[in-house]
Amino acid sequence: MSSSFPSTAPSNFPTPDRVATDWFDPDRSLDGLKFLARTQVRFRITRFWNRLFSPRQAIASVLSVTFVGLYLLAGITLLSRREANDPEQLRLWLSGGMILYALYHAVKQLWSQTNTDMDLVTLTEPDRLWLGGGPIARRTLVLREATSAIPSSMAKTVLLGVVLWRDAVSLVSLLLGVCLALVALELLRRLISHLIAALSPTERRYARATSLLVGLAMLMQLGIQTWQSTPPGSDPLQYVLSGMSEIGRYAGSTAIQSMAFALLPAASLASGEAITSDLAIPGIHQLLATIPVWLVQGLLAIFAVAVIAGLAECLVWADRWSSDRQRVYEQRRLKVLQQRRTSDDAFRNDMRHKAMLPTRIQRFGDWLARLLPDSYQGMSGLVVRQLQCVRRYAANVVVSFAIPMALSLSPLLTDQSTKQWVFVIGGIAFSSLLLAPPALQIDFRRDLKRMFLVRSLPLGDVAMCVGMLSVPVAITILFQWTTLGLGTLIASPPGWQTLWLFMALPSLAVATFSIENALFLAFPHHVHAQGIAMVIRAKVTFLWKGMMLAIAPMALVTFAMLCERALPSSMVGPVAFTGSLTAVWGVAGLAGWTLVRCWRRFDPLLDTPPE
């Protein structure tokens, strides 16, 4: 019988006796993986270049080029005029700041849901099928996945280099040191994720309690130091600046620097300061003075690369240990469930009965469907789905909004009775713009892989957009009103001002989530996407939010002054009140209209980017 397959495999085809076991001991079975890596790099570069000149992506291209040009111009002109900081402070900031971020990531992982495959979190479905099932060692896949962060680290290095070049002794050593530090930080972050994923539920509860106590102690210490370092009666802005200074000092403390030993070579290379500059060893400074600078920098670079190699080996070990522990835990859990199912028929019947009963969220969805018009009844399904996600991640949502609420109300502790209320309002607006969208990604941004299914739902464009934004906007409004209510009880502002804020702040939530989702639909990206495009996207998003925070108060104050000059005194209050409300809600309506247009324009076949 003839066959379309060759009778003998090619010479470079992986056979069971030639399976790859190590990157440092390669064989012919890795040829396909190397070819895949080269093909992916060429494809991404070609795709980026084509999208840069595509009419469909014209706005994104203009924004990206404009941002890069302004960023470089500001780095060359404005930042070059400032005084150079101490290189020692740069070294402490790089090492200590990154360790503080690693600690934040550890706490975030502890309080988040467990991922069953932490090491392969950014692999696409074809990668999982062909690489995960191919004759390639898991060690190779883990290391390949870890090195996928190198391009984004290089992009971040360029952006940081524009800001820090004035403080550097050598630009080359600065860029090399920052890049190596970012790569080491990424490996450290993945290592922490693997270790936390291996914890059992009991161990995770103990770790969460410990992290909560340690985090509260650190925040209390930071708050006390900020309070002591700020003169009594200062403005709330002075407390904010003092808090930032104390965070910098905390990053340079002995405790944090002792945890940052893995990042010290890269940080010292970036700052041009030797690691031993603080050591009280007799004759060490005279010895360092006799060694050429290029030799010291070369040794620091070698040490930094050695640290990265060591972290990579630790990552492979943590992956193996985490997989083994998860497998043992799942086997024990399956055994317990089997014993309970075979020995307790009542338990099995009770579980079946509970699975058939509607939950409170489903009953709420049915009630909502009865209230809505016929063309909008499908929105209730979207609301139920989002509420179920909120219930699953309730702890993360509460923590994500409890901390901004406490920070927004903290200016009320100062003695500036006039300015403290302004900072409370500014804190609410800042949290609604910058912190709420990342905390509530339960809208279009999480459904990119399911866009064909979302498109097939029997809902109109307006109903779809309203349904997708209803729950995140409602939660943000609840945060705004709760914070504003507590602040009102303490500060006792005028009644008309409180009423205006209660009516105007929800428009900020609507506008924020509408613009976020409109940008996502216009320029979609996957959840774990990396690279220069994602870095530019984050910077542009932060830029428009900062401009909105600066322009909106100025526009409202200008409108009030115009009303005061052009209208009689009896009409100034009502006109300014209603006119400003109309303006802010008009902006929110314009943002919603833009979202509807972007959703109507979105084509899953053309706009969904490859993974």
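So that you can scan it fast, the table gives a plain yes or no per residue for (1) in a loop (DSSP other than H, G, I, E, B); (2) touching a strand residue (DSSP E or B) at 6+ places or on another chain (Cβ under 7 Å); (3) among the polar types (S, T, N, Q); (4) open to solvent by 90 Å² or more (accessible area, probe 1.4 Å):
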position	(1), (2), (3), (4)
Arg537	no, no, no, no
Thr541	no, no, yes, no
Met547	no, no, no, yes
Ala555	no, no, no, no
Ala560	no, no, no, no
Thr582	no, no, yes, yes
Val587	no, no, no, no
Trp599	no, no, no, no
Quickly run through the stretch 377-411 and pick out the residues that are over 19 Å from the mean Cα position of the chain (by Cα) and among the polar types (S, T, N, Q).
Gln377, Ser380, Gln386, Gln388, Ser408, Ser410
Which pairs do you get when a residue that is in contact (Cβ under 8 Å) with a residue 60 or more places away in the chain and under 20 Å from Leu315 (Cβ atoms), found in the stretch 192-217, comes within reach of a residue that is among the acidic types (Asp, Glu) and surrounded by 15 or more Cβ atoms within 10 Å (Cβ to Cβ), reach meaning Cβ atoms under 6 angstrom, with the pair 6+ apart or on two chains?
His194/Asp319
Taking the residues in the stretch 474-502 that are in contact (Cβ under 8 Å) with a residue 24 or more places away in the chain and open to solvent by less than 20 Å² (accessible area, probe 1.4 Å) as candidates, determine which candidate is nearest to Thr512 (Cα to Cα).
Thr476
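For the condition out of contact with any Asp or Glu (no Cβ under 7 Å at 6 or more places or on another chain), touching a residue at least 24 places away in the same chain (Cβ under 8 Å), among the small types (Gly, Ala, Ser) and open to solvent by 40 Å² or more (accessible area, probe 1.4 Å), what is the one hit in Ser375, Ser432, Ser408? Outline the logic, then answer.
Working: Ser432 fails: open to solvent by 40 Å² or more (accessible area, probe 1.4 Å); Ser408 fails: open to solvent by 40 Å² or more (accessible area, probe 1.4 Å).
The match here is Ser375.
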One residue from Gln109, Gln89 being under 26 Å from Gly298 (Cβ atoms) and either polar (S, T, N, Q) or modelled with pLDDT of 80 or more (or both)
Gln89
For the stretch 411-422, which residues satisfy the criterion of being under 19 Å from Phe479 (Cα atoms) and either open to solvent by 70 Å² or more (accessible area, probe 1.4 Å) or at pLDDT 85 or above (or both)?
Val422
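Among the residues of the stretch 405-417, are any among the β-branched types (Val, Ile, Thr) and closer than 24 Å to Thr541 by Cβ? Spell out the reasoning first.
As a first pass, look at the stretch 405-417 and keep what is among the β-branched types (Val, Ile, Thr): 414.
Next cut, closer than 24 Å to Thr541 by Cβ only: none.
Checking the stretch 405-417: not a single residue is among the β-branched types (Val, Ile, Thr) and closer than 24 Å to Thr541 by Cβ.
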Out of the stretch 71-85, which residues are at pLDDT below 75 and either open to solvent by 80 Å² or more (accessible area, probe 1.4 Å) or within 15 Å of Ile247 (Cα to Cα) (or both)?
Ile76, Leu78, Arg81, Glu83, Asn85
Counting only residues that are modelled with pLDDT of 60 or more and open to solvent by 100 Å² or more (accessible area, probe 1.4 Å), the stretch 340-372 contains a total of 8
Suppose the filter is within 30 Å of Lys419 (Cα to Cα), open to solvent by 30 Å² or more (accessible area, probe 1.4 Å), outside any helix (DSSP H, G or I) and at pLDDT below 80; does Pro232 pass it?
yes
Within the set of pairs 6 or more residues apart or between chains, which connect a residue that is in contact (Cβ under 8 Å) with a residue 60 or more places away in the chain inside the stretch 587-608 to a residue that is outside any helix (DSSP H, G or I) and not hydroxyl-bearing (Ser, Thr, Tyr) with Cβ atoms less than 8 Å apart?
Phe602/Pro524; Asp607/Pro524; Thr608/Pro524
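I'd like the residue in the stretch 157-187 that is among the charged types (D, E, K, R) and surrounded by 17 or more Cβ atoms within 10 Å (Cβ to Cβ) and, out of all such residues, is nearest to Ile302 (Cα to Cα).
Step one: filter the stretch 157-187 for residues among the charged types (D, E, K, R), giving 166-167, 186.
Add one more test, that the residue is surrounded by 17 or more Cβ atoms within 10 Å (Cβ to Cβ), and what stays is 167, 186.
Values: Asp167: 23, Glu186: 18 Å.
By that ranking, first place goes to Glu186.
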Could you grab the pairs with beta carbons closer than 8 Å, sequence gap of 6+ or different chains, first residue in the stretch 314-325 and within 19 Å of Glu186 (Cα to Cα), second one basic (Lys, Arg) and modelled with pLDDT of 85 or more?
Leu315/Arg190
Would you check if Leu457 is farther than 23 Å from Leu413 by Cβ and either touching a residue at least 24 places away in the same chain (Cβ under 8 Å) or in contact with a His (Cβ under 8 Å, 6 or more places away or on another chain) (or both)?
yes
Output for the stretch 396-411, where each listed residue is touching a Pro at 6+ places or on another chain (Cβ under 9 Å) and not small (Gly, Ala, Ser)
Pro411
Tally of residues being among the basic types (Lys, Arg) and either in contact with a Ser or Thr (Cβ under 8 Å, 6 or more places away or on another chain) or within 15 Å of Tyr104 (Cα to Cα) (or both) across the stretch 205-217:
1
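In the stretch 450-466, what residues are under 24 Å from the mean Cα position of the chain (by Cα) and loosely packed, with under 15 Cβ neighbours inside 10 Å?
Of the stretch 450-466, the ones under 24 Å from the mean Cα position of the chain (by Cα) are 450-451, 465.
Across the stretch 450-466, the qualifying residue is only Arg450.
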Test result for Arg190, at pLDDT 80 or above, open to solvent by 70 Å² or more (accessible area, probe 1.4 Å) and among the charged types (D, E, K, R)
no
Consider Asn50 carefully, then state whether it is surrounded by 13 or more Cβ atoms within 10 Å (Cβ to Cβ), of a type in the set (S, T, N, Q) and modelled with pLDDT of 70 or more.
no
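Specify the residue that is modelled with the highest pLDDT; the eligible residues are those in the stretch 326-339 that are under 35 Å from the mean Cα position of the chain (by Cα) and open to solvent by less than 80 Å² (accessible area, probe 1.4 Å). Even if it seems obvious, please write down each step before you answer.
Going through the stretch 326-339, the residues under 35 Å from the mean Cα position of the chain (by Cα) turn out to be 326-334.
Of the ones still in play, those that are also open to solvent by less than 80 Å² (accessible area, probe 1.4 Å) are 326, 328.
Details: Gln326: 82, Val328: 85.
Among residues in the stretch 326-339 that are under 35 Å from the mean Cα position of the chain (by Cα) and open to solvent by less than 80 Å² (accessible area, probe 1.4 Å), the one modelled with the highest pLDDT is Val328.
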Please enumerate the residues belonging to the stretch 291-307 that are surrounded by fewer than 21 Cβ atoms within 10 Å (Cβ to Cβ), aliphatic (A, V, I, L, M) and part of a helix (DSSP H, G or I).
Val293, Leu295, Val296, Leu299, Ala301, Ile302, Val305, Ala306
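The values are calculated or read from the model by the stated rules, or taken from the named source; none is laboratory data. Owing to the predicted nature of the structure, the values given are computational and were not obtained by experimental measurement. For neighbour counting, all protein chains shown are included, and Cβ atoms are generated from backbone atoms with ideal geometry for every residue, glycine included. The area values use the complete protein model at the heavy-atom level, side chains included, leaving out ligands, DNA and RNA. Shrake-Rupley method; radii C 1.70, N 1.55, O 1.52, S 1.80 Å.
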